[in-house]
Amino acid sequence: MSDHGGLVQKTSIRFTKTGDAAYHSHHDLIRFWERAVRRAGLPVRQTQGFNPHPRMVFLHALGVGTASLHEEVEFEFYRRVPEEEILVRLREACGRTLGVVGTTALPPVKKGRTAAAFEYEISGWTDGALAQLPVAIAEVMALEALPMRRGRPGEATTVDIRPYVEDLALSDNSVMLTVVNSLAGTARPDEICRVLAEKCGMDVSFLCILKTGMEIR
């Protein structure tokens, strides 16, 4: 099936994923954006084959249950559309499910950008945990390695996430976490939550994770 033509325009959509939307999986998010660009009537290029989909690239696959103030998805258009019009159409198509913050015009080339780092705010700590967090954070940052098991039972592997933890600090009643992202991997905020919660003797299920920023290259 034709993709309607060559790459004429490339745009990144910045959006927020908060409230109930934080519990939508990445696959849910993909399907949502497929429907949104169709409702918006935007000239998005399609993949080839018997089951074509809009050409789009997410800079980060956010974990289920993590809210975000900064997510981005890139679309390729086969016909030029003013950025302001793209913004208006998508805000109407997305309704209240996602917050469409803005657009960024990108060079019309296939090579995309990459996410270099992520910033998170972890809140919901008990008073007892808050008193212990300075020591717990110092212990984590002093570690030479922080091995973490990932994967399904029987298929799990051990990954050292310490090289990806760039900064960890207590600010008011929240923990501010910065992790670097690379081709080799990254650290997940829920992993850091588990480590700190265990050190502070609290139930990790009470913690809330909010992605507050993303460094893009």
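Quick note: the coordinates plus some simple rules give every number you see, no bench work behind them. Being a predicted model, the structure only gives us computed values, none of them experimental. Note that each Cβ is placed from the backbone with ideal geometry, even for glycine, and that neighbours are counted across all protein chains shown.
Compute the angle between helix 83-94 and the longest alpha-carbon principal axis of the chain, please, reported from 0 to 90 degrees and rounded to the nearest 10.
70
With +1 on each Lys and Arg Cβ and -1 on each Asp and Glu Cβ, and nothing else charged, work out how big the dipole of the chain is about its Cα centre, in Debye to the nearest 20.
Result for the chain is approximately 1160 debye, rounded to the nearest 20.
Just to be sure I understand the curve: with the Debye formula and one point per C-alpha of the stretch 138-210, what is log10 I(q)/I(0) at q = 0.12, 0.17, 0.21 Å⁻¹?
Debye intensities relative to I(0), on a log10 scale: -0.34, -0.69, -1.04.
Bin by bin, in steps of 5 Å, what percent of the Cα pairs in the stretch 8-69 do you find, going until the bin that has the longest distance?
Taking all Cα pairs of the stretch 8-69, the binned fractions are 4, 15, 25, 25, 17, 11, 3, 0 percent.
Assuming R0 = 22 Å, can you tell me the calculated FRET efficiency for the pair F206 and M141, based on Cβ-Cβ distance, to the nearest 0.05?
0.45
Please compute the net charge surrounding I161, taking Lys and Arg as +1 and Asp and Glu as -1 over other residues with Cβ under 10 Å from its Cβ.
+1
Direction-averaged shadow area of the convex hull around the Cα atoms of the chain, nm²?
Spelled out: convex hull of the Cα atoms, projected over all directions, averaged, 13.8 nm².
How much length, in nm to one decimal, is gained on full extension between F50 and S123, taken as 0.36 nm per residue of separation minus their Cα-Cα distance?
Taking 0.36 nm per residue and subtracting the Cα distance, the gain is 21.7 nm.
With r as the distance between the Cβ atoms of T114 and E166 and R0 = 22 Å, compute the FRET efficiency 1/(1 + (r/R0)^6) and round to 0.05.
Details: r = 16 Å, r/R0 = 0.73.
Here the calculated transfer efficiency is 0.85.
Between T18 and K199, with labels modelled 7 Å along Cα→Cβ, what's the label distance in nm to one decimal, could you check?
Each label point is offset 7 Å from its Cα along the Cβ direction, giving 2.9 nm.
Report, in deg cm²/dmol and to the nearest 500, the calculated mean residue ellipticity at 222 nm for the chain, where each DSSP H run with n ≥ 4 adds -39500 (n - 2.57) and the sum is divided by the residue count.
Result for the chain: -8000 deg cm²/dmol, rounded to the nearest 500.
Could you state the angle between the C-alpha long axis of helix 26-40 and the longest principal axis of the C-alpha atoms of the chain, as a value from 0 to 90 degrees rounded to the nearest 10?
30
For the Cα atoms of the chain, what angle does the longest principal axis make with the long axis of helix 127-142, in degrees from 0 to 90, nearest 10?
Long axis of 127-142 versus the principal axis of the chain: about 80 degrees.
Enumerate the amide H contacts of V101 below 5 Å, restricted to partners 5 or more residues apart or on another chain; note that Pro and chain-start residues carry no placed amide H.
Long-range HN contacts for V101: R14, F15, T16.
With each label point set 7 Å from Cα along the Cα-Cβ vector, what nm distance links H27 and Q132?
If labels sit at H27 and Q132, their model points lie 3.7 nm apart.
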